[in-house]
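Quick notes on the structure that follows.
Computed from the coordinates by the stated procedures, all read-outs in this text should not be read as laboratory data. Quick caveat: nothing in here was measured; it's all calculated off a predicted structure. Ideal geometry is used to build each Cβ from the backbone, glycine not excepted, and the neighbour counts take in all protein chains shown.
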Amino acid sequence: MRPLDTFALPVTGGELHVGVWPGRRGAPTVIAAHGITANHVSFGEVANALDGDATLVAPDLRGRGRSNRIPGPFGITAHADDMIRLLDHLGIERGALVGHSMGGWVAAYTAAKHPDRVSGLLLVDGGLALSGTADLPVDDVLQAVLGPSIARLSMTFADGEAYRDFWKQHPAVGASYWTELIERYVDYDLEGEPPDCRSSVSIEAVRGDATEQLTMPAVRDAIEAVQCPVALLFAPRGLLDGPPLYGDDARAALRSAWPTVVEETVVPDTNHFTIVLGSGAPAVADAIRRTISR
């Protein structure tokens, strides 16, 4: 595994915990935003696959991981403000953003709101409005789409082993998908002391983010306002290793709707998790290389 550094970034309400996988001298920096119940460790395999070609910077978004003590209000707009604060802190005038899952909306909204600060976008199985969700209650959408990933937020676990056992039953990361990186990602998410351990993810943060993502047009459809080049990667299987989040019809609509989309790729034999946490990581790394070279 590539070495990982961390630092604390002061933001409105507290501090973001930020992970950094340094690239070789002179390598460009890319900022990555993770999914709705994830944390920065989810980009570890992508950092390995980049092999120093870029410095990868990934915060625990507010309400997750070691950033979970930051109070509300939550929402994609707050994350976008944090992304700009991170660019400022790193001294980056214009930079490339990567977003996985909900992080795709974070990246797209940041680019739409601050077009002078974002040079390119890579959206990984996220960032495009999900069909059939606009009129449904937010909690219903979360339960239907996320399943066990959202259910765990109201559960307690006896210890780390019990939490790993829970995740090993997940259809998209358990069984043959399980790796050292996935175990590290799961372990990092757990907090508390036995026998009262729980996920570090704040359900209030998840609800706040999902509400803006689903109901606020400027966030939900942010890609329509993006001016920089956009690359899109899709997983052929979804969050539960079943039907994809974005099927053939959704992807076909991109080809004429948004002229800033310069790349649209389905990463073979991946689901919504393994596209970054597993076998899809080299494809994501290659797409990052193309994004920073445009």
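General remarks:
- For ALA33, the residues whose modelled amide H falls within less than 5 Å of its own, excluding neighbours fewer than 5 places apart on the same chain, are VAL98, GLY99, HIS100.
- Note on THR179 and ASN48: the extension gain reaches 45.8 nm, defined as 0.36 nm multiplied by sequence separation minus the Cα-Cα distance.
- Rounded D (µm²/s) - the range 170-218, Kirkwood Rh over Cα pairs, Stokes-Einstein at 10 °C, 1.306 mPa s: 119
- Highest mobility in the GNM of the chain, judged by mean-square fluctuation with C-alpha springs under 10 Å and restricted to ASP82, ASP125, ASP140, is found for ASP140.
- Across the range 280-294, coupling constants 3J(HN,Hα) worked out from phi with the 6.51/-1.76/1.60 Karplus curve, θ = phi - 60°, read x, 4, x, 5, 5, 4, 5, 5, 4, 4, 5, 5, 7, 9, 6 Hz, and Gly and Pro carry x.
- D_trans [Stokes-Einstein, Kirkwood Rh over alpha-carbon pairs] for the range 141-245, 25 °C, 0.890 mPa s, µm² s⁻¹: 155
- Cut-off under 5 Å, modelled amide H: who pairs with ASP241 long-range: HIS272
- Legend: Rg and Dmax of the chain, from Cα coordinates, 17.4, 54 Å.
- Residue-count net charge about SER293 - beta-carbon cut-off 13 Å; Lys, Arg +1, Asp, Glu -1: 0
- Sum of -39500 (n - 2.57) over DSSP H runs of 4+, divided by residues of the chain (222 nm, nearest 500): -10500 deg cm²/dmol
- Highest GNM mean-square fluctuation among GLU204, GLU161, GLU15, for the chain modelled with Cα contacts below 10 Å: GLU161.
- The chain - percent relative contact order, Cα under 8 Å, separation 6 or more: 21
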